[in-house]
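See structure below.
The values are calculated or read from the model by the stated rules, or taken from the named source; none is laboratory data. Since the model is a prediction, treat every value here as computed from it, not as a measurement. Reconstructed Cβ throughout: ideal geometry from the backbone, glycine too, with neighbour counts over all protein chains shown. Ligands, DNA and RNA are stripped out before the accessible areas are found, and what is left, the full protein with its side chains, is counted by its heavy atoms. Shrake-Rupley method; radii C 1.70, N 1.55, O 1.52, S 1.80 Å.
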Protein chains: 2
Amino acid sequence: MVAKYIASLRALAARRVVTLVAAAFVLASVIVILVRLGPPAKLNDLKLPDVKLPDIDMSKLPNIPGFSGSHEPEHYEKCDRNITEPLKLWKAAQQKYDKLMDDKFTIAMQTYKRPKELDETLRVILSEKIASLHEIVIIWNNLEEKPPGNFKSETGVPVRYRVSERNSLNMKLLPDPDFKTQAVLLSDDDVYYKPQDLEFAFQTWRKFGQHRLTGALPRCATPDAEGNWGYGFCSKDSNQDVYSMIITNLCFSHMSFLDYYSSNNTVMQKVRDYVDDHFNCEDIALNYVVSYLTGTGPLLVKGRDKYVNYEPAQGISKKPGHLEARSKCLNDLTKMFGCMPLVNETAHIERGVIVL
Amino acid sequence: MVAKYIASLRALAARRVVTLVAAAFVLASVIVILVRLGPPAKLNDLKLPDVKLPDIDMSKLPNIPGFSGSHEPEHYEKCDRNITEPLKLWKAAQQKYDKLMDDKFTIAMQTYKRPKELDETLRVILSEKIASLHEIVIIWNNLEEKPPGNFKSETGVPVRYRVSERNSLNMKLLPDPDFKTQAVLLSDDDVYYKPQDLEFAFQTWRKFGQHRLTGALPRCATPDAEGNWGYGFCSKDSNQDVYSMIITNLCFSHMSFLDYYSSNNTVMQKVRDYVDDHFNCEDIALNYVVSYLTGTGPLLVKGRDKYVNYEPAQGISKKPGHLEARSKCLNDLTKMFGCMPLVNETAHIERGVIVL
C-alpha cells in the first residue's frame, strides 16, 4: 500500500516535471517566434544627432605643435592645374591614339603562375559574345615557363599571350603598340565582370568615363591629423562615402594614360622604379597619373551582378602589413608628384533602372 | 466506485487531451522556428533557363499582315542624326546661354493651388545651405490669386514668384531671360530631393548630364507588336531594366533645351499647342526634344535617400486612364517629330561608394 502510494506520488511528480518542461518549452518557443516576427532592430536606428560637420579640407589642416609623431611629416597640397608640360605630353598621347577604335576594347590581363584561375576567367569571359570585346592580351609574367599558343575563341575573340621582358608590375600598364582600341580593360587573372556586365561597364566608360579609371573596385585615401595619407577599403559612413581610386585589377583606362605612365617623364621614371623596387602600387600610381592629368576622380561601375573575385584567402591584399605598405605608397607617391592628385568622387554608376 | 472510476477515466482523458495539444503546439513551434531559421527562399532562385534573346530593334519589326488591330498604325523609325536645321538652332541656343553661370543652378518650381505642399517643399529646401543653389523661381499658375511677395531665405537664397501669363504647363519650360544659370531644376511643388542630395544631383548633372535630362523619376516607352508605343513605370526584368525618360517634376535641364522647346520651330509650336490642348505631356515632349537633339537618353540620379513625393492618392498619375493618355501622347508626339527620338539608357547614378 505504501509502495503503491509512493509509486503514484512518483508518477505524479514525473507528470508535473514533464508538464513544467513542456510549458517552459512552449513559452520559450513563443518568445522566440515573437522576437523573430517583430521588425528587425536596425543598427541605423541608433542615429547620432544630426550634427553638420564643417567642410574642412583635411589636407590643409596645420600641424598642431606637440601633437605630431616622432617625425615631422612633409606636407603636400592638393595638385593644381598649372601643369603645362604634363598636359602637353598627355595631349600628344591622346592624338597618338586618336586613330584607334573607340567603340571596341582590349583586355590586358596580367597572370603569374596561376593557370587554374587564368583558365577559369578566360572560360567565363569567352563563354558569351561580348559585343565590343576586340582582343584579349595575356600579360605573361612567368618567365620560367612558355605560355600556351595564341588562339581564337568560339565567340571569335583573338587571345594573344605576350611574354613580359621581365616580371614587373609595370608590364601590365604598357601601351602595347599592337593594341587596336583606345580603351584597355586592365585586369588580373582572378577577377572579372560577368560578360554582359563587362559590355555594360565598357559602354559606361564610353559615355561617362573616358577620362577616368572606370571599374569595379574602389579604394580610399584619408589623411590623418598630421597630413599622412592612409589607404583603406572605403566606408559608407555619411561623412565619408566617397572614393578616390579604382584599382587596376578590373578597370578601363584610355591608352593615353598608359602612354603617360610609361613615358620618359622624369617623375614617371621614378614612379616605375619605385613600383619595381617595392613590387607593389602600380595601381595606386596609375590613379595618381589620371587624376593628376584630368583633375577628376575615377568612376566606380557596378553591373547587374557583383564582379567575381576568387582571390585566395592568402592573396596579397589579405597579408598582414598590406594596408601599411599601401599607405606608405600613397605618401611616397605624393612626395614624388610634389602634391596630392587624388580627387574624391561621390557618385558611382549602376546598371539598370530604379523602380520605386 | 463506478462514479469514481468514470471520474478517473475522465481525468485521464482530459490529461491525454492536454498532453496532445501541448505536443502539437510544441511540434508546430519547432517547425515554425526551423522554417524561420533556414535560409530565405529567394525568388530569383527560380531562374529561367539562360536563353539569350536576339537583339531586335522592336521599332523596326514589320507589321505582320492580319495581326494588326482594327486600325493600321503609322510606323515611325528611330530618329537619325540628319537634322542639320534643328542642330543649328540648338547650337545657337547653347551659345546664347554660354555666359550664364555653369557652377550654380536655378529651381523653377511649378505650383497651382497647393499652398501647403509648396510651403513644405520650400521649407525643406531652404532649411539647409545648398552650396550651388542660386535662386528659386516659383511658376505661379493660379491666376485667380496673387502670389506672396518675393523674399530671401535665411540661407541667402532669393525666392521669386513669377505669375504665368496663362495657366499652361508650357510656362514651366520657359527659358526665363532673368535666369542666371545654365542649369535649371524643373520641379513641382510636391516633390523634392533632400538638400544635400539636391547638391549631389546638380554636381552629377555638371559631371555627367549636361546634355541629358538628369533627375529622379524614370519612365519607359515600349513598343507593342504593332509598333504602338506604350507608356509605363519601367521594370527591373532583365530583358528590360532600362528607361528612356526622366519626367520634369524633378529634373535638371540645360537652358538651351528650354530655349528649343519654346522656339518658333514649326514642330515645337505644334507640340506646345498639343500640350495646351491636352493639359498633359509637356514632360514627355521635353524628353523628345533632348533626345532628338543629342541622340542620347536621360540620366537617372539617386541621392543617399529616395526623393520625397507627397503626391496625394488622387494625383494626376493615379487617375484611371492616366497611362492610356500618356501612351497616346507618345504616339502623337512621335507622329509630330516624324520619328521616335527616345533612347533607352541602361545606367543610372547613385550617391556614395559601394563597400563589398
Starting from a label point 7 Å past Cα on the Cβ side, list the distances from A:SER153 to the same position in the other copies, nm, shortest first. 5.1
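Taking each pair of different alpha-carbon atoms in segment A:84-350 once, compute 1/r for the pair, average those values, and report the inverse of that mean as the Kirkwood hydrodynamic radius in Å to one decimal. Intermediate values should be presented prior to the final figure.
On the way: mean 1/r = 0.0534 Å⁻¹.
Over segment A:84-350, the inverse of the mean reciprocal pair distance is 18.7 Å.
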Whole-Å semi-axes of segment A:220-356's equivalent ellipsoid, largest first, each the root of 5 times a Cα gyration tensor eigenvalue? 25, 18, 17
I need the inter-copy label distances for A:GLU120: point set 7 Å along Cα to C-beta, values in nm with one decimal, smallest first. 5.3
How much of B:HIS278 can a 1.4 Å solvent probe reach, expressed as accessible area in Å² and rounded to 10? 90 Å²
For segment B:84-350: relative contact order, % (alpha-carbon pairs under 8 angstrom, 6 or more apart): 22 percent
Rule-of-thumb check for segment B:201-253: C-alpha Rg over 2.2 N^0.38 Å? 1.31
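How would you classify segment A:240-319 from its alpha-carbon gyration tensor, with a ≥ b ≥ c the square roots of the eigenvalues: rounded for a/c under 1.5, else prolate if a/b is greater than b/c, otherwise oblate? Display every interim value, and only then the final one.
On the way: a/c = 2.09, a/b = 1.30, b/c = 1.60.
Oblate is the answer for segment A:240-319, as a/c is 1.5 or above yet b/c matches or exceeds a/b.
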Could you work out how much longer the chain between B:PHE151 and B:ASN265 gets when fully extended? Use 0.36 nm per residue separation minus the Cα distance between them, nm to one decimal. 37.4 nm
Which trypsin sites (Lys or Arg not before Pro) in segment A:119-181 sit in a loop by DSSP (not H, G, I, E or B) and have at most 14 other Cβ atoms within 10 Å of their own Cβ? A:ARG166, A:LYS180
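Would you please give the FRET efficiency between A:THR84 and A:LEU323, computed as 1/(1 + (r/R0)^6) with r the Cβ-Cβ distance and R0 = 41 Å, to the nearest 0.05? Each step should come with its number before you reach the end.
Values: r = 36 Å, r/R0 = 0.88.
About 0.70, to the nearest 0.05.
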Per-copy distances of the A:GLU77 label point, shortest first, in nm (7 angstrom along Cα→Cβ): 5.6
Could you give the size of the charge dipole of segment A:180-235 about its Cα centre, using +1 on the Cβ of each K and R and -1 on the Cβ of each D and E, expressed in debye and rounded to the nearest 20? 420 debye
Which pairs, out of A:LYS104/B:LYS96; A:LYS172/A:LYS306; A:LYS96/B:LYS104; A:LYS88/A:LYS172; B:LYS104/B:LYS306; A:LYS91/A:LYS146, put more than 28 Å between their alpha-carbon atoms? A:LYS104/B:LYS96; A:LYS96/B:LYS104; A:LYS91/A:LYS146
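Write out the GluC sites (Glu not before Pro) in segment A:76-140 meeting two conditions: DSSP loop, and at most 13 other Cβ atoms within 10 Å of their Cβ. Show your work: numbers first, answer last.
Numbers: sites: A:GLU77, A:GLU117, A:GLU120, A:GLU128, A:GLU135; in loops: A:GLU77, A:GLU128.
Taking segment A:76-140 and a limit of 13 other Cβ atoms within 10 Å, the loop GluC sites (Glu not before Pro) found are A:GLU77.
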